[in-house]
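So the structure is just underneath, and the comments pick up after that.
The values are calculated or read from the model by the stated rules, or taken from the named source; none is laboratory data. Because the structure is a prediction, the values reported are computed rather than measured. Virtual Cβ from ideal backbone geometry, glycine too; neighbours counted across all protein chains shown.
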Amino acid sequence: MLDYLASVVRSRMDIKFSVKSQQKSIEIIDNCIECGKCVMNCEMLKTYTTSPKVLFNQSMDNEIPFSCQLCDHCLSVCPKEIDLKSAFFSMRQDAQNQMKIKTTAVDFHQKTSFSSFISSKVKPNKKVFFPGCSLAAHDPEMVMRLYNYIKDDDMSIWTSCCGNPTYTLGKKNEYTRQLSQLKQVFHYKGITEVIVACQNCYKMFKEHTNLKVTSVFEILNDLPLAVKSIEIDKSLVLHDPCPTRKYDIIHDSVRQLLDKLSIEYTEYEYNRTFTQCCGSGAMVGVTNISITKKQAKQRALQSKSDAIITYCQECVETLGKEKETLHLLDLLFNNGIKKNSTHTFKKWTNRRLIKLKIDRIK
């Protein structure tokens, strides 16, 4: 019976998918009740279909799996707990030899990020602060101020990449090599805990390593405030980045920090576990920019606030194109609000600069 159903699903696809992807597709077709809850706040689904049942019952080229942000909002609201992300991710893996989507920019980013030109030296220590690509590209001076504020005798700093871009594109073999490279560094340098400022890094290290993974916001919440208070003369709404969906420790730490700073803010209707993607998740900003723009606009306009506050640099840059968006770390370590560095060359320059700064640390 499964073979018959798989052949039916295969006939509806423009590219060849594995048995695993076909099985997931059949499960979606069988279980979707077309309630519309997943479609309501997902611009990707709105663009391509009226329901998952309809979508997986029709011909599908590989633009569609690469248009899903893999953010799991659909799963969080689905009464049948249908896992669309798992199906689309499996399809991304299947599509590697049939790629119509150009990923040249991401491939260059990943190759360079893991190279000695960008990746800093690692000093042996029990803990390492791993700020992530986006924050280092945004402002190396701010990252160093943050590191100097949280560091202790057991902590060093390392700038590299967690491999999330390669992983979410479905490039299994390439990511396996990247993960092996990271694990070797952790092992040979005696690192047992990684402290992260990037929400994707947090999720990747949690799911793919045995390290203790700590959010920098947990640490900051346990330290004296870097500043006594911050005055913001505009209304704010708090956006939770989708990689943090399952991690209440981060949600709570951020909110406690905001309260200690006497920063007033409101919450999105869909927050914490139910939060929505900013639009750039899973490299959709590269593979289907129109979906990213639609999702960012939809998310930004869900609140009538003057501005958005969040704790993910990628969210800052994506949502910031639709509404002023602030990073909590900029408020704490940049004397307030700082304009983002959006030029690609400037971002690479910043990453090279922080690598050199770290390499000079004795």
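Right, residue 231: surrounded by fewer than 18 Cβ atoms within 10 Å (Cβ to Cβ) and in a helix (DSSP H, G or I) or not? Against the criterion (surrounded by fewer than 18 Cβ atoms within 10 Å (Cβ to Cβ) and in a helix (DSSP H, G or I)), residue 231 does not qualify.
Would you check which residues across the range 21-65 are more than 18 Å from residue 79 (Cβ to Cβ), charged (D, E, K, R) and at pLDDT 95 or above and list them? Once the filter is applied, which keeps residues that are more than 18 Å from residue 79 (Cβ to Cβ), charged (D, E, K, R) and at pLDDT 95 or above, the range 21-65 yields 24, 43, 46.
Just one of the listed residues (74, 68) is touching a Cys at 6+ places or on another chain (Cβ under 6 Å) and crowded, with 21+ Cβ neighbours inside 10 Å, namely 74.
Mind listing whichever residues of the range 249-292 are of a type in the set (D, E, K, R) and within 16 Å of the chain's Cα centre (by Cα)? First the steps, then the outcome.
Of the range 249-292, the ones of a type in the set (D, E, K, R) are 252, 255, 259-260, 264, 267, 269, 272.
Correct list: 272 only.
Restricting the first member to the range 26-48 and to residues that are at positive phi, and the second to residues that are hydrophobic (A, V, I, L, M, F, W, C) and at pLDDT 95 or above, the beta-carbon pairs closer than 8 Å and six or more apart or on different chains are 34/54.
Can you tell me which of 252, 248, 222, 240 is at pLDDT 95 or above and more than 24 Å from residue 73 (Cα to Cα)? Give the derivation first.
Numbers: 252 fails: more than 24 Å from residue 73 (Cα to Cα); 248 fails: more than 24 Å from residue 73 (Cα to Cα); 240 fails: more than 24 Å from residue 73 (Cα to Cα).
Exactly one residue qualifies, and that residue is 222.
Would it be correct to say that residue 200 is assigned to a helix (DSSP H, G or I) and over 18 Å from the mean Cα position of the chain (by Cα)? Judged against the criteria, residue 200 is not a match. Would you call residue 185 crowded, with 17+ Cβ neighbours inside 10 Å, assigned by TED's automatic domain parsing to the domain that holds residue 149 and of a type in the set (A, V, I, L, M, F, W, C)? Here the answer is no, as residue 185 does not meet what is asked. Is there a residue being among the acidic types (Asp, Glu), in a loop (DSSP other than H, G, I, E, B) and in contact (Cβ under 8 Å) with a residue 12 or more places away in the chain anywhere in the range 153-171? Yes, there is a match, as at least one residue in the range 153-171 is among the acidic types (Asp, Glu), in a loop (DSSP other than H, G, I, E, B) and in contact (Cβ under 8 Å) with a residue 12 or more places away in the chain.
For residue 218, the criteria (1) within 19 Å of residue 164 (Cβ to Cβ); (2) assigned to a helix (DSSP H, G or I); (3) of a type in the set (D, E, K, R) hold in every case but one, which is (1). Please give the helices (runs of 4 or more DSSP H) falling wholly within the range 40-135 in which 1 or more residues are touching an Asp or Glu at 6+ places or on another chain (Cβ under 8 Å) and farther than 30 Å from residue 154 by Cα. Those helices (runs of 4 or more DSSP H) span 52-55, 73-77, 84-94.
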